1. Restricting things to alpha carbons, find the Rg to Rh ratio for the stretch 434-561 using the Kirkwood radius for Rh.
2. May I ask you to list the trypsin sites (Lys or Arg not before Pro) in the stretch 586-637 that are in a DSSP loop and have at most 13 other Cβ atoms within 10 Å of their Cβ?
3. What's the center-to-center distance, using Cα atoms, between the stretch 380-408 and the stretch 594-664 in Å?
4. Within 14 Å, Cβ to Cβ, of SER251, how many net charges do the neighbouring residues add up to if Lys/Arg are +1 and Asp/Glu are -1?
5. Set the Förster radius R0 to 56 Å, insert the Cβ-Cβ distance between THR192 and SER403 as r into 1/(1 + (r/R0)^6), and round the FRET efficiency to 0.05.
6. The stretch 551-640: which GluC sites (Glu not before Pro) are DSSP loop and have at most 16 other beta-carbon atoms within 10 angstrom?
7. Can you list the HN-Hα couplings for the stretch 273-279, worked out from phi with the Karplus curve (6.51, -1.76, 1.60; θ = phi - 60°), rounded to whole Hz and with x for Gly and Pro?
8. Just check the stretch 621-664 against the gyration tensor rule for me: Cα atoms, a ≥ b ≥ c as the square roots of the eigenvalues, rounded for a/c under 1.5, and otherwise prolate or oblate depending on whether a/b exceeds b/c.
Amino acid sequence: MGNQVQQKIGPKAGKLAAALLAFSAFSWASALPAQAQALSIKERECLKDVLPVQLGPPEAIAPLCQRAADATEQRSKAANAYFHAGTAYLRAVNDSLNRRDRDGAARMLTAATSALEKSISNSRSEPRIYEARLALARAYRLLGGFQPYRYEDASRVIDEALQSRPGKPNVAAQFESALLIRDRDGEAGKQTALRRLEVFSRADLDASEDPTLLAAGRAELLRLAGEIGNAALAERPVTRESTLRAINTFSLATSVAELPRSSIPAQAVAQSYIHVGQANLLLARLSAAGATGAAPPSSSTSSLADCTVTTGANDWLDAALKAFRSALGRDPNSPEANFGAACALQARNRLPEAIPLFREAARMAPNQSSYLLALARAFGPARAAEAAPIYQQALALEQNNPSARAGIHVEIADIQERGGEVEAALRSLNAAVLADPEYKEAYLRRGRILFEQRGNYLSAVQDFRLAERLNRSPTDRAEALYYLSQIEVRKELDARARRAPSAGDAAFAINKADEAATINEDDSRDAKYRGQACLARVFFGRVNGADDSRFCIADERRDASALMYEGMFHLRQTFNKRGGDQARAWEAALSAFSDGLARIGEARSEETMDQRRLRSRLQVGRGVSLYCVGLESIGRQTINGAAQRADAEQFFLDYGIKLCASRG
């Protein structure tokens, strides 16, 4: 036996061989060396069972345990030695060493499992067999990265471990099963792996469970829940359903983080709450968009980064604020949590509470320009002087990002324009174009100001044509086309006012308006492009062609503004019709204007300027129609009752609609 041992461990191991033969009788009377105290209990047990040697790292200890297992004739001691050799190798490889080390770990764990199953027959041996099987399954799982068929071996061993402990939580086996599914199936297996890990969310887990295992399982649950939740938020298009799935997944993570003895670091807990808060902010935006008819966010990340949340959807905003405050309770120094809480407060119109949190986020993450921009936006036009230096800080951070710099200049221009500083706004837009000559939004904004506030049609057309060429977004391109059509109408209107030769291109105005409306004809949230396509026809008198009613007849939604355009279309037709056709056109106009007023309902004190203007135009249109069908007194009375009569009458005159067409 001595020669056999010496052959196995080498010629320089004379004293070591003798010690190996005697290790079963060795008495561990003295305290373990200091190095042993730092090792896990399993390594110390292995060394107790083997021999007192100079301790070293696991990769040095594992061969000693293996040699001891090969040398002994006692199965139980061989099983223990094999087991500890295999686990020492696993600790050494740490999921990342080469194939030979993993293969060796698998061989040793197989030997350990075989020895344990043969030598330990009483019930007290079952925990060791269970533990050895899980360690073997882990080795097979690691080998699966090089030899995929090993994944099936891992699955088989896990099943054997589960069957050996029926009716028990089998937390360790569920953990190893989840890791196997994660490694073997990749993205496709994440949901299944998360379901396996849900056992770690139970508050009633036996207190005897290994704290290290509980911590590892819960940490993996948090990590995987974060990945799955973020993947749901990254789905396109962004939907209410995908966002709710993200919230449910993130909420599972927070429920685990709140468990007693969860031992999850405070920052990891805070991050889980931040995820919940961000998803609730996004859901608030989606809900508000659905209520107002605004476009939903095209991506989740943009709406979170720029703090864009429409007011409303208060339940989701309250849930977001609660989650962010929970995150701050765990990690008060989290810039994300401060920023998220500020966003939720801003959406609830609680700016005095939001601004200090925006400041804190910007202070904690001084290189994050999005936090500075959110703070500057919170000040708004009323506090533009306070916002100005913050915008300059954000510009300084984006020295190497032309698109970001252009975007900041456009934001500054927006605040300046709203504050009545039109020239300053134009200078900022010029700076945006200099920063990034392909930044389409700058051309749209500058063109609109030049057109609407400066009457500089030539320069405005140049900007809108550039915006049309640069825009890949259908909605933004439609905006440029819309203004190009409007400019032709305005040019012709100015020429008529001066009694000068025609200056507007009717075909161009109608074609551009039609193109804008066609780009967005499936978008039920915005009717202004259809309205321009109709008004261009009304203005230029192109109302009798086969396609001229396409954008002028209100669709099934019967929106009040669409009904106004329909009424104007029919009134304009009366100038080209005679007899019964003319009478029917007047009646159709009267019906459209009346329906539009019915859709608006009674006048309310809280109406916006645009709503009051629309009401007055519908009322004047109805009065004109009544007058023209022969109810002259009622018609005049209706016109005179319009709150903004002068504006409405001028609007109809601008579009070529006088009191009544000549009867024929």
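1. Details: Rg = 15.0 Å, Rh = 15.2 Å.
Ratio of gyration radius to Kirkwood radius: 0.99.
2. Those satisfying the criteria are ARG604.
3. Rounded to whole Å, the Cα centres lie 46 Å apart.
4. Neighbour charge sum, excluding SER251 itself: 0.
5. Calculated value: 0.85.
6. GLU556, GLU602, GLU606, GLU607
7. Using θ = phi - 60°, the values come out as 5, 4, 4, 4, x, 4, 5 Hz.
8. It comes out oblate by the Cα gyration axes.
The values are calculated or read from the model by the stated rules, or taken from the named source; none is laboratory data. Computed from a prediction, not measured in an experiment: that's the story for all the values here. Quick reminder, even Gly has a Cβ in these numbers, built from the backbone with ideal geometry, and neighbours come from all protein chains shown. For the accessible areas, the whole protein counts, side chains as well, though only heavy atoms, and no ligand, DNA or RNA atoms are used. Shrake-Rupley method; radii C 1.70, N 1.55, O 1.52, S 1.80 Å.
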